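Report on the following structure.
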Amino acid sequence: MAKYIAQRLMMMLLILFGVLTITFVLSRLLPGSPVEMMLGHHPTQEQIEEARAELGLDLPLPLQFTRYISDLVQGDLGKSLRTGRPVLEEVTKRIGATFELTFIAMFWVVVLGVPIGVVSAVRQNSAVDNVARAGSIAGVAFPVFMLAMALQFIFYGQLNWLPLQGRLDAEILLDHPFERITGFYLIDTLLAGNIEALWSALRHLTLPVLTLVIVTLATVTRITRNMMIEVLSEEYIRTSFAYGVPKVRIYFQYALKATLIPLLTVVGLTFGYLLGGAVVVEFVFDWPGLGGFVVFSIAQNDFPAVMGATLVLAGTYLTINLIVDLLYYVVDPRLRVQ
Amino acid sequence: MSSPVTTKPFETTGPGKQVLEITDLKVSFPGLFKTVQAVRSIDLNIGVGEIHGLVGESGSGKSITAMSCLGLLPDSAVVEGSVKVTGHEINGTPEKQLARLRGGGAAMIFQNPMKALNPFFSVGQQMFDVIRCHRDLSKNEIRAEAEKALQAVQLPDPHLALKKYPHQMSGGQLQRVVIAMALACRPRLLIADEPTTALDVTVQAQIITLLRALARDHDLAILFITHDLGVVASLCDRVSVMYAGEVVESGSVGDLFANPSHPYTRKLMSTVPKLGLGEQSLDFIPGQVPDMSSPPAGCAFNPRCDMATDACLQPANKVLVVSKDTDVSGKHWAACHHVTGKKPSSETALSETLEEHNA
């Protein structure tokens, strides 16, 4: 087991290295340079040379890369060209907002998607199944940013039930400030017993989470349904029926556990999809997370910031999937070695 | 052997104390273009403690008959006729009441024990759940019952076995677990669908011996489905031979083996390999099991039968076989035009005779 985890961790490092290499090469090859952003319009040739030397962009690419990696190993992600602050600080400041958004979306996707999938499988071609199927096509077909804006239009523009963007109402920070411990505002406000801020955070979370849930729910529902149908045709399920085990218990205990392994895989992959979706969603909802930060950084050719954020997002995704792999052992007794 | 039966068993009700009464059962699967008639009118009665063999080739409708005894057929199946388990009608009974009967009235064991248990749950969890469904016992009592049942099927170290997962056990052990699970619900009828086919020959023999002992000790009736005539001869009291969704011959094991009357039964018996006869002994029945979406007219066996005449294009009546060798020939009948014997005046007369025997 320890050996397996060690292997997987090695694998993770290799993948991260690959991700870094690709991001590095892409950022250097794409047209546009951070120097232009720093110096404004019509800089002199001298100014440009000076700025390039300052950023180390005059060095050969391989040297730039080795320098970046050696800094990284020492925990230095460089400085953001846009804000001038260390990338590590910028990233850690924002990661909580992204995690809160994606984790809550993930929670709802699983809590809604799995039961809907089970019911769709058990009652094929029923109303639930048909609505889930139609919804899944709609959910996949609708672009994330369109959906986000449509929700804003309806719930803010027309109904005015929910706020347009951000994580909190502006006046909350003045009237009901709270200490940020975890970066998850729901938890922080709860810890502080700050009901006003909690309510505000909840209201602001609703639309972005809803957007993410709608676009990913379909995948989880469909896969749960298909896995469930497969498992329900297994002989051991027939055995349970033949011995008079109640239906609900068969579906939600005996069959669901057998579908857990493929389901866990899907949940791991879905998390990646959510992180990707969060980039767009955060931008549209002006959510102060890593996704919005990446979008701005790309637009400004802020290389160190883009690389730092990519590294953290990729690392998160890999970690989640490592946890998923380890959960296989918990679920499937056949994998456990004595 | 210690008995797992500690409280009152599932009551057998209705006349004649029949554990299983199948009357004119028909099962078909309507399709888009053709309807498959898997079972075409079957009558079968099994009395308390009787072991009844149901023999036939693959596709003859044996397993469908077995499944219909527990209402386990898929929703796509159209079922007609009556199936009564311990006097309770199965056909048309809502799922909830069926669940009570399954396991409690009749339990089933399956062909492949390796696939019959859920690989994600320990043997104990699965047994406890099944026992809990049928008997109102405390946690400790349930555990005790499970261990007792495992002892009854002669599984060594029941305490350890309960903690094991299916993949940690052999096929023979798993079949014992499945049988124990069935016994723990204390059914009156055990439906065994080719329970030894997937097992080693030595293990087969052990399971057969076990089933015989259990039937004797617990007054357990068994519907034993197989294509293995050797097993039937060593285990069963009565045997029914199925062909193309119908029973073509039925009788006590002694009578039927001594005097196989339907040509199909005779063919089936001649296919059993005999030692010492060399290559000649590998006999087979020419032709194929008929396509059940359009079965042959009359006696369904006529396309493969050496004795077939024009008469065989008409349905054959059940004829009581009069045998010189035994004096209990009243129970032995075959549905063939060529069997010379006492023709019952009507179907009722035949079933009365059969009931007399079973009572």
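Hydrophobic, long helices, defined as DSSP H runs whose alpha-carbon span along the helix axis is 30 Å or greater and whose mean Kyte-Doolittle value is at least 0.5, occur in chain A at A:2-29, A:87-122, A:195-232, A:256-284, A:303-331. Database remark: amide H of B:Gly81 closer than 5 angstrom to the amide H of B:Lys26 (H placed geometrically; neighbours at sequence offset of 5 or more, or on other chains; Pro and chain starts carry no H). Volume per residue of the convex hull around the Cα atoms, evaluated for chain A, comes out as 192 Å³.
Phi angles of the stretch B:95-109 translate, via the Karplus equation with coefficients 6.51, -1.76, 1.60 and θ = phi - 60°, into HN-Hα couplings of 3, 4, 6, 4, 4, 5, 6, 5, x, x, x, 9, 10, 10, 10 Hz per residue; Gly and Pro are given as x.
For chain B, calculate the relative contact order in percent as a whole number, restricting contacts to Cα pairs under 8 Å that are 6 or more residues apart. Rounded, it is 20 percent for chain B.
Please state the equivalent ellipsoid semi-axes for the protein assembly as shown: what are the square roots of 5 times the Cα gyration tensor eigenvalues, largest first, in whole Å?
Values: eigenvalues 1018, 134, 127 Å².
Each semi-axis is √(5λ); the values are 71, 26, 25 Å.
Using alpha carbons only, how many degrees (0 to 90, rounded to 10) separate the axis of helix B:123-134 from the longest principal axis of chain B? Roughly 80 degrees, rounded to the nearest 10. Less than 5 angstrom separates the built amide H of B:Ile51 from those of B:Ile222, B:Asp237, B:Arg238, all sequence-distant by 5 or more or on a different chain.
The dipole here belongs to the stretch A:87-335: it is taken about the Cα centre, uses +1 on the Cβ of Lys and Arg and -1 on the Cβ of Asp and Glu, and is about 1040 debye. Cβ-to-Cβ counts within 10 Å put B:Tyr243, A:Tyr317 in ascending order as A:Tyr317, B:Tyr243, the fewest first. Each residue of the stretch B:161-175 was assigned a 3J(HN,Hα) from its phi angle through the Karplus curve 6.51 cos²θ - 1.76 cosθ + 1.60 (θ = phi - 60°); the sequence is 4, 4, 7, 7, 9, x, 5, 8, 10, 7, x, x, 4, 5, 5 Hz, with glycine and proline shown as x. With respect to chain B, whose longest principal axis is taken over its alpha-carbon atoms, helix B:139-152 is tilted by about 50°.
Among A:181-189, A:206-214, what's the highest-first ranking by average C-beta atoms within 10 angstrom per residue?
So the peptides A:181-189, A:206-214, ranked by packing, come out A:206-214, A:181-189.
With only alpha-carbon pairs counted, each pair once and no self-pairs, how large is the Kirkwood hydrodynamic radius of chain B in angstroms? Don't jump to the answer; show the numbers that get you there.
Numbers: mean 1/r = 0.0470 Å⁻¹.
Computed over Cα pairs of chain B, the Kirkwood hydrodynamic radius comes out at 21.3 Å.
Taking every pair of alpha-carbon atoms in the stretch A:290-338, give the share separated by more than 12 Å as a whole percent. Roughly 68 percent, once rounded to a whole number. Taking amide H atoms as placed 1.01 Å from N in the peptide plane, the amide H of B:Ile109 lies under 5 Å from those of B:Ile191, B:Ala192, B:Asp193, each 5 or more residues away in sequence or on another chain.
Every number here is computed from the coordinates shown, using simple stated rules; none is lab data. Source: prediction; values computed, not measured. Note that we place each Cβ from the backbone using ideal geometry, even for glycine, and neighbour counts take in every protein chain shown.
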